[in-house]
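Data block below; observations after.
The values are calculated or read from the model by the stated rules, or taken from the named source; none is laboratory data. Just so you know, these numbers come straight off a predicted model, no measurement behind them. Please note: Cβ atoms are built from the backbone with ideal geometry, for glycine as well, and neighbour counts cover all protein chains shown. Note: areas computed on protein heavy atoms with side chains; ligands, DNA, RNA excluded. Shrake-Rupley method; radii C 1.70, N 1.55, O 1.52, S 1.80 Å.
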Amino acid sequence: MTTWVGASITRLEDEHFLTGDTRFVDDLSRPGLLHVAMVRSPVASAAFDEVDTSDARTAPGVVAVLTAGDLAHTNPLRPVLHRPQFVPTEMPLLAIDRVRYVGEPVALVLAETRSAAEDAADLVWVDYEERSAVSTIDGALTDGAQAVHADAPGNVLLDLTMFHDPALEDVLSGAAVVVEGVFDAGRVTAAPMEGRGLLAEWDRREGRLIVHMSTQVPHIVRTAIADTLGLAEHLVRVVAPDVGGGFGQKCAVGREELAVAAAAALTRRPVKWVEDRRENLLSAFQGHEQRHHVRAGFDAAGTLLGLATDILCDVGAYHCYPFTGGVEPLMAATEMPGPYRLHHYSARTRAIATNKPPMAPYRGVSRPQITLAVERIMDKAAVRLEMDPAEIRRRNLIRRDEFPYRGATGILYDEGSYLEALDGVVAQAGYASLREEQRAASATAADGRPLIGVGLAVFSERTAYGTPVFGQRLMGITPGYETVHVRIDPSGGATVLAGTVSHGQGHATTLAQMVADRLSLTPTQVRVVQGDTDAVPYGWGTFASRSVVLSGDAATEAADRLVERLTRIAAHLLEAAPDDVVFEGGRFGVRGVPESGMSLTELARSVYHAPHLLPPDERAELDEWGSSDPPGTFSNAAHLAVVEIDPATWQVRIVRYLVTEDCGVMINPLIVDGQISGGVAQGIGAALYERLVFDDEGQPLAASFMDYLVPTAAEVPPIEIQHLETPSTVSVTGAKGMGEGGTIGAPAAILNAVNNALSPLGIEIDRIPVTPDDIARAAAARGEA
């Protein structure tokens with residue numbers, strides 16, 4: 001019998017992407033469609049009294065111009081954390097009398113064509129009274145700094161001492177070596193291939209709003225629209241068509257989408273907005289900008305004794321809905337210890353408001369930054385203790401015989417392969433030979449030959465959160481569980497309806513593989529439906545590496561229930577005891593009577609077309625539900641990067657990149673490899689290229705891909721991947737989530753490699769992205785040519 005789980009089949013959904021038979025938001029049209037252009041603030045901090053729209057309203061093709069006054073009936077976004085230290089922010093759909101970042105929407109122009117709307121948007125006049133802006137963490141925390149929100153003096157939106165160990169200072173005082181560092185991660189954007197966008201229309205016949213939107217979270221969007229417009233949720237339908245990437249940017253709900261939905265409800269005409277790349281770079285949700293001040297103590301043998309951290313997260317001008325600006329600081333403090341044994345730990349974490357666009361959960365959610373900090377600490381300690389970087393990690397990683405392991409933050413780690421992953425990537429790389437090659441290169445560096453560096457990163461990736469974990473954050477909306485509906489039609493084919501939604505992960509393939517195994521079908525006989533709030537069960541969407549575990553487990557449970565029902569029905573029709581009926585190879589047969597049996601298709605047809613033959617308590621429909629709400633599981637990986645640095649230009653080139661990864665049972669290894677490679681590419685961008693820069697007035701200096709550098713195929717080497725499989729104990733299939741791992745490990749591995757290459761020159765850099773200019777300045781400070 002064919003087993004589909006574990007098979008590297010090509011993705012079922014790829015054909016329509018490759019042939020152009022797709023349906024993205026911008027492919028949609030409606031009769032009478034109006035196009036939207038946003039009027040956005042050109043300044044980062046200002047007050048204003050009036051928006052003059054008179055010239056815009058009379059421009060050719062313009063149907064309406066809406067300002068905050070026209071949307072006075074709507075409710076602002078006000079995401080909540082139920083913590084006394086939390087300061088909420090109120091975000092109206094359009095700015096009312098104050099703007100807090102460049103790109104904040106002030107008005108909407110609705111016109112018959114997009115070009116007409118954009119031309120008219122230039123005619124809207126706003127008399128801004130500029131105020132001083134804060135554009136950095138340091139600036140926001142300076143005494144007397146302008147408050148981004150009057151309710152948040154000091155510009156602190158959340159300040160928590162998450163963990164405090166009273167013995168920690170004594171532990172650090174008694175340590176043989178105390179290593180300290182300040183680690184900065186620059187602000188980035190997700191830069192999805194498809195930007196944000198939606199088409200909203202008022203269905204006059206049904207008296208409700210229908211929204212097609214590029215989103216990771218259709219049900220959360222439905223709630224936000226309903227609450228904002230004062231509608232019952234059954235009067236709002238949200239459909240996610242094909243979604244061209246999200247990376248977290250589309251798991252939060254933006255004010256622009258809600259304003260467009262409000263415009264459709266107000267005008268009773270279909271309205272579409274699709275942001276261009278400039279808008280996406282200027283005003284879409286951003287990520288990553290954090291600073292970690294870390295102190296760690298080690299004994300003479302290299303054992304980590306204790307760690308203290310002070311975390312600052314620049315969350316921008318407003319909280320994001322529904323996660324709030326607390327998502328990054330809370331995650332960073334809770335998961336910083338990662339894969340290492342640690343008994344003494346303290347963490348203070350803060351969310352800082354600045355005059356920049358709001359943050360949202362970016363792929364990895366703080367773990368690229370905490371991994372960067374901890375892995376740099378490991379390398380610094382290795383230097384101080386004159387120990388190999390791989391060896392100091394070996395001495396501190398949680399080992400197999402210690403699982404389940406209760407960490408210093410109270411997290412219970414299920415079984416992983418942390419030490420095995422490190423040893424695997426080291427062996428795969430030929431680590432000893434690399435070190436010899438590096439020593440030889442250092443000896444000839446004065447001749448202008450490239451400097452060679454080797455960097456390691458080992459990490460755990462907490463995945464598949466359910467409500468037990470999300471509930472600890474005390475959010476106003478607590479996501480977590482997933483429910484899946486599986487039904488078999490009269491032809492014996494299956495349909496899976498799931499609340500998660502794919503934006504490139506291949507759910508139509510992986511979910512089909514899991515259900516096909518349970519029902520003895522082929523994946524092509526299984527259709528996966530996602531992203532339509534009218535069709536699928538209530539679900540929380542796709543983020544946090546959760547879909548294959550939660551939707552997969554729920555789909556598997558539903559399929560198993562269908563087999564149980566079909567077995568009872570087959571026993572009745574075959575006049576056998578249910579215990580004597582076996583399901584093998586797509587056929588229900590009687591044990592010991594090989595000639596007696598029915599195929600799944602024959603049985604399904606009987607259920608639907610001959611219901612009078614069914615047992616009295618059976619209904620004439622083959623559908624079942626499954627649900628999943630796990631405590632979460634841990635994937636893990638070790639990354640190794642080899643870089644060359646040209647001493648003439650200080651350009652960094654990645655020569656090799658290796659990954660040893662463990663995400664439990666792989667449903668489709670081909671898709672797993674694709675997720676790892678894509679994640680590493682994104683991590684390379686954060687490490688070496690991508691950064692949103694703002695000047696002192698909060699003006700963004702990267703408004704196109706000329707300024708915001710995304711790595712291309714020329715900058716991303718082939719990713720050498722090997723796998724370990726430690727089945728999860730909390731998922732039915734043994735799978736663990738793995739969508740963020742590549743992004744988590746790459747910045748740390750690359751920065752460690754860069755520092756390793758520069759070590760003969762006495763140069764050390766603890767921020768990303770690390771650019772040739774950064775290295776040149778550090779070299780000049782050391783007197784290097």
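Could you give the dipole magnitude of segment 193-262 about its Cα centre, charging the beta-carbon of Lys and Arg +1 and that of Asp and Glu -1, in debye to the nearest 20?
It comes to approximately 80 debye.
Keeping the other protein chains in place, figure out the carbon and sulfur percent of the accessible area of the chain, with a 1.4 Å probe.
Using a 1.4 Å probe with all protein chains present, the chain comes out at 50 percent carbon and sulfur.
What number comes out for accessible area per residue over segment 471-536 if the probe is 1.4 Å? Units Å², please.
Result: 29 Å² of accessible area for each residue.
Please figure out what share of the DSSP beta bridges in the chain is antiparallel and state it in percent, rounded to the nearest 5.
Beta bridges within the chain, antiparallel portion: roughly 80 percent.
Name the helices (complete DSSP H segments) of the chain with a Cα length along the long axis of 20 Å or more and a Kyte-Doolittle mean of at least -0.5, or state none. Let's see the in-between values first.
Details: long enough: 367-384 (25 Å, -0.09); 547-573 (37 Å, 0.33); 669-684 (22 Å, 0.81); 741-758 (26 Å, 0.88).
Taking the DSSP H segments of the chain (at least 20 Å long, mean hydropathy at least -0.5), we get 367-384, 547-573, 669-684, 741-758.
Among V182, A554, L574, which residue has its Cα furthest toward the positive end of the charge dipole of the chain, with +1 on Lys/Arg Cβ and -1 on Asp/Glu Cβ?
L574
Enumerate the amide H contacts of A64 below 5 Å, restricted to partners 5 or more residues apart or on another chain; note that Pro and chain-start residues carry no placed amide H.
For A64, the qualifying residues are L110.
Just the number please: accessible area per residue for segment 339-470, 1.4 Å probe, all protein chains included, in Å². Display every interim value, and only then the final one.
Working: 4250 Å² over 132 residues.
Per-residue accessible area for segment 339-470 comes out at 32 Å².
Using 0.36 nm per residue of separation minus the Cα-Cα distance, give me the extension gain between R268 and D143 in nm, one decimal. Could you put the intermediate results ahead of the total?
Values: separation 125, 0.36 × 125 = 45.00 nm, distance 4.96 nm.
Value of the extension gain: 40.0 nm.
Mind giving me the nanometre distance, one decimal, between the label points for E112 and E169, set 7 Å out from Cα along Cα→Cβ?
According to this spin-label approximation, the distance is 7.3 nm.
Hand me the trypsin sites (Lys or Arg not before Pro) from segment 740-785 located in a DSSP loop with no more than 16 other Cβ atoms within 10 Å, in residue order please.
Passing both the DSSP loop test and the Cβ count: R782.
Only helical DSSP H runs with n ≥ 4 go in: add -39500 (n - 2.57) per run for the chain, normalise by residue count and round the 222 nm mean residue ellipticity to 500 deg cm²/dmol. Walk me through the numbers before you get to the answer.
Values: 20 runs with 217 residues, N = 785.
The helix contribution divided over the chain gives -8500 deg cm²/dmol.
Provide the per residue accessible area, probe 1.4 Å, for segment 1-49, rounded to a whole number of square angstrom.
Numbers: 2740 Å² over 49 residues.
Per residue, segment 1-49 has an accessible area of 56 Å².
I'd like the FRET efficiency for E402 and D534, computed as 1/(1 + (r/R0)^6) with the beta carbon distance as r and R0 of 41 Å, rounded to 0.05. Intermediate values should be presented prior to the final figure.
Values: r = 48 Å, r/R0 = 1.17.
Efficiency, from the Cβ-Cβ distance: 0.30.
Can you compute the modelled spin-label distance between H609 and R30, with each label point 7 Å from Cα toward Cβ, in nm?
4.0
At a threshold of 8 angstrom on Cα-Cα distance, excluding pairs fewer than six apart, so keeping six or more, what relative contact order does segment 652-709 reach in percent? Write down the numbers at each step before the final one.
Working: 21 pairs, mean separation 13.1, N = 58.
This gives 23 percent for segment 652-709.
Please state the charge dipole magnitude for segment 616-760, taken about the Cα centre, from unit charges on C-beta atoms (+1 on K and R, -1 on D and E), reported in debye and rounded to the nearest 20.
Once rounded to the nearest 20, the dipole reads 640 debye.
Convert each backbone phi in segment 709-715 into a coupling constant with the Karplus relation 6.51 cos²θ - 1.76 cosθ + 1.60 (shift: θ = phi - 60°), then list the ³J(HN,Hα) values in order as whole Hz, x for Gly and Pro.
8, 9, x, 10, 4, 5, 9
What are the trypsin sites (Lys or Arg not before Pro) within segment 532-603 that DSSP puts in a loop, where the Cβ has at most 11 other Cβ atoms within 10 Å?
Listed in order of number, the matching sites amount to none.
Counting only residues 5 or more places away or on other chains, whose amide H sits under 5 Å from the amide H of V177 once H atoms are built in the peptide plane?
F298
Quick one: Karplus J couplings for segment 621-627, per residue in order, coefficients 6.51, -1.76, 1.60, θ = phi - 60°, nearest Hz, x for Gly and Pro?
So the J values, rounded to whole Hz, are 7, 9, 8, 9, 10, x, 9.
Just tell me the longest site-free run in the chain, where the sites are GluC sites (Glu not before Pro) in a DSSP loop having at most 12 other beta-carbon atoms within 10 Å. Kindly include the intermediate steps, with their values, before the conclusion.
Values: sites that count: E50, E206, E386, E575, E621.
The longest uninterrupted stretch comes out as 387-574.
Hey, for a label at A780 modelled as a point 7 Å past Cα toward Cβ, could you say which residues of segment 635-661 have their backbone N under 20 Å away?
Counting backbone N atoms under 20 Å from the label point, the list is 646-652.
Among A508, G448, A535, flag the residue with its Cα farthest along the positive direction of the charge dipole of segment 435-538, charges on Cβ as +1 for Lys/Arg and -1 for Asp/Glu.
G448
Be a star and scan segment 49-77 for residues whose amide nitrogen sits under 16 Å from the point 7 Å along the Cα-to-Cβ vector of D127.
Correct set: 49-55.
Name the residue farthest towards the positive end of the dipole of segment 1-133 from the options T89, A46, V99, assuming +1 on Cβ of Lys and Arg, -1 on Cβ of Asp and Glu, about the Cα centre.
T89
How much length, in nm to one decimal, is gained on full extension between D707 and H234, taken as 0.36 nm per residue of separation minus their Cα-Cα distance?
This chain segment gains 165.9 nm when fully extended.
Any idea how far the Cα center of segment 45-62 sits from the one of segment 631-693, in Å?
47
Set the Förster distance to 45 Å, then compute FRET efficiency between D646 and T19 from the Cβ-Cβ distance, nearest 0.05.
Numbers: r = 43 Å, r/R0 = 0.95.
FRET efficiency, D646 to T19: 0.60.
Check which residues have an amide H placed less than 5 Å from V770's amide H, if you skip close sequence neighbours.
For V770, the qualifying residues are L688.
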